[in-house]
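The values are calculated or read from the model by the stated rules, or taken from the named source; none is laboratory data. Fair warning: this is a prediction, and the values are worked out from it, not measured in the lab. All Cβ positions, even for glycine, are placed from backbone atoms using ideal geometry, and neighbour counts span all protein chains on display. Side chains included, ligands, DNA and RNA excluded: accessible areas come from the protein's heavy atoms. Shrake-Rupley method; radii C 1.70, N 1.55, O 1.52, S 1.80 Å.
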Amino acid sequence: MIIDCHGHYTTVPAAHSDWRVAQLDAFRTGRAAPPYPTISDDEIRESIENNQLRLLTERGADLTVFSPRASAMAHHQGDLDVGVAWAQACNDLIARVVQLFPDTFAGACQLPQVDGEPLDAAIAELERCMAMGFVGLNLSLDPSGGHWTAPPLTDRYWYPLYEAMVTLDVPAMVHVSATCNPAFHATGAHYLNADTTAFMQLLQGDLFADFPQLRLVIPHGGGAVPYHWGRFRGLADMLHKPPLDAHLMGNVFFDTCVYHQPGIDLLFRVIDTGNILFGSEMVGAVRGIDPTTGHYFDDTKRYIDALAIDEADRAKVFGGNVRRVYPRLDAQLTAKGR
């Protein structure tokens with residue numbers, strides 16, 4: 001079974017996005033937000049069947065861990081009440097997708113994170129979504145929208161959320177949202193900066209000594225980490241930290257959202273296959289066709305198919321590792337005999 005750990009609902013019905021515009025406009029002008037619109041099952045089916053479902057079928061994957069559109073989480077817009085209402089609307093829409101396509105999608109939730117606010121609302125939304133059958137969550141280490149004012153992931157500010165994650169036995173994908181800082185292109189710089197920053201923050205601290213069961217997925221192939229693995233190994237040594245395998249890699253995982261063969265080859269040469277989860281972020285950051293191959297950049301299954309690895313490792317990356325890191329997903333699949 002081939003499981004894509006990294007999918008976003010980037011093709012939402014227009015009424016959902018229009019409501020977000022109206023919600024933020026109401027906040028800016030001091031008015032109450034309008035009621036959330038009625039969106040039919042047929043509208044959701046059309047948005048999925050012509051996009052993610054079609055491409056999953058064409059590319060040979062079976063199931064996607066599906067979350068709200070990352071760039072639209074926009075934690076920096078509005079206040080906490082706005083963030084809670086937006087997260088609930090986005091997560092409820094994901095729940096409806098899963099309900100309509102239960103064999104193809106599993107839910108991962110967006111949290112209402114507002115820079116400087118406590119995490120009580122985020123924990124409440126996490127618990128609500130887990131009760132709805134979700135299997136994962138997206139955690140932004142920069143809810144400021146590109147200004148990087150939040151404490152590092154190792155700070156005790158985050159500990160209440162980590163405690164809830166461990167209790168619920170649910171992993172987080174560490175995934176930032178949009179940036180309002182013009183110095184950072186969202187998908188070309190901000191996302192990859194965040195991936196690299198998350199790893200370095202974890203390297204500098206000792207988070208997993210306090211939370212040995214916590215599991216974090218760093219997307220987009222780990223940002224710069226595999227390419228500069230020697231630098232990070234050297235920094236761990238200089239900072240008097242244990243070797244990376246002992247210090248971090250029992251709890252940290254990378255996905256395969258790397259959009260060319262040499263990049264995937266490097267990822268697999270540097271990182272143990274037990275720490276790599278199949279992911280495509282389709283339909284997402286890079287949607288075009290690579291002129292050098294004639295195939296879509298984000299058809300990442302093709303790159304893994306081309307690797308010279310044994311079938312046991314390939315099976316781990318395509319499904320086994322995802323089921324191990326996402327035990328709620330594994331339990332759901334097992335209950336279905338999959």
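Applying the condition of being free of Cβ contacts under 8 Å to residues at least 60 places away in the same chain and surrounded by 17 or more Cβ atoms within 10 Å (Cβ to Cβ) to segment 274-295 and asking which residue is farthest from R69 (Cα to Cα) yields N275. Of the residues making up segment 252-266, those that are free of Cβ contacts under 8 Å to residues at least 60 places away in the same chain, open to solvent by less than 20 Å² (accessible area, probe 1.4 Å) and within 18 Å of the chain's Cα centre (by Cα) are V252, F254.
Under the condition of being surrounded by fewer than 17 Cβ atoms within 10 Å (Cβ to Cβ) and of a type in the set (K, R), the residues counted in segment 298-313 number 1.
Apart from one condition, T179 fits all of (1) more than 15 Å from the chain's Cα centre (by Cα); (2) open to solvent by 10 Å² or more (accessible area, probe 1.4 Å); (3) under 30 Å from A131 (Cα atoms); the exception is (3).
Under the condition of being among the charged types (D, E, K, R) and open to solvent by less than 20 Å² (accessible area, probe 1.4 Å), the residues counted in segment 95-125 number 1. The residue of segment 204-244 that is nearest to I276 (Cα to Cα), among those that are basic (K, R) and either open to solvent by less than 30 Å² (accessible area, probe 1.4 Å) or in contact with a helix residue (DSSP H, G or I) (Cβ under 9 Å, 6 or more places away or on another chain) (or both), is R215.
Taking segment 94-110, which residues are within 22 Å of M165 (Cα to Cα) and in a helix (DSSP H, G or I)? Matches in segment 94-110: I94, A95, V98.
Contact map, segment 186-197: residues that are open to solvent by 10 Å² or more (accessible area, probe 1.4 Å) paired with residues that are at pLDDT below 95 and of a type in the set (S, T, Y), Cβ distance under 7 Å, separation 6+ or inter-chain. Pairs shown: A186/S71; A186/T179. Within segment 134-149, is even one residue open to solvent by less than 30 Å² (accessible area, probe 1.4 Å), touching a Ser or Thr at 6+ places or on another chain (Cβ under 6 Å) and over 28 Å from I304 (Cβ atoms)? Looking for residues that are open to solvent by less than 30 Å² (accessible area, probe 1.4 Å), touching a Ser or Thr at 6+ places or on another chain (Cβ under 6 Å) and over 28 Å from I304 (Cβ atoms), one finds at least one in segment 134-149, hence yes. Listed here are the helices (runs of 4 or more DSSP H) enclosed by segment 247-338 that have at least 2 residues being in contact with a strand residue (DSSP E or B) (Cβ under 9 Å, 6 or more places away or on another chain): 261-270, 300-305, 321-325, 327-335.
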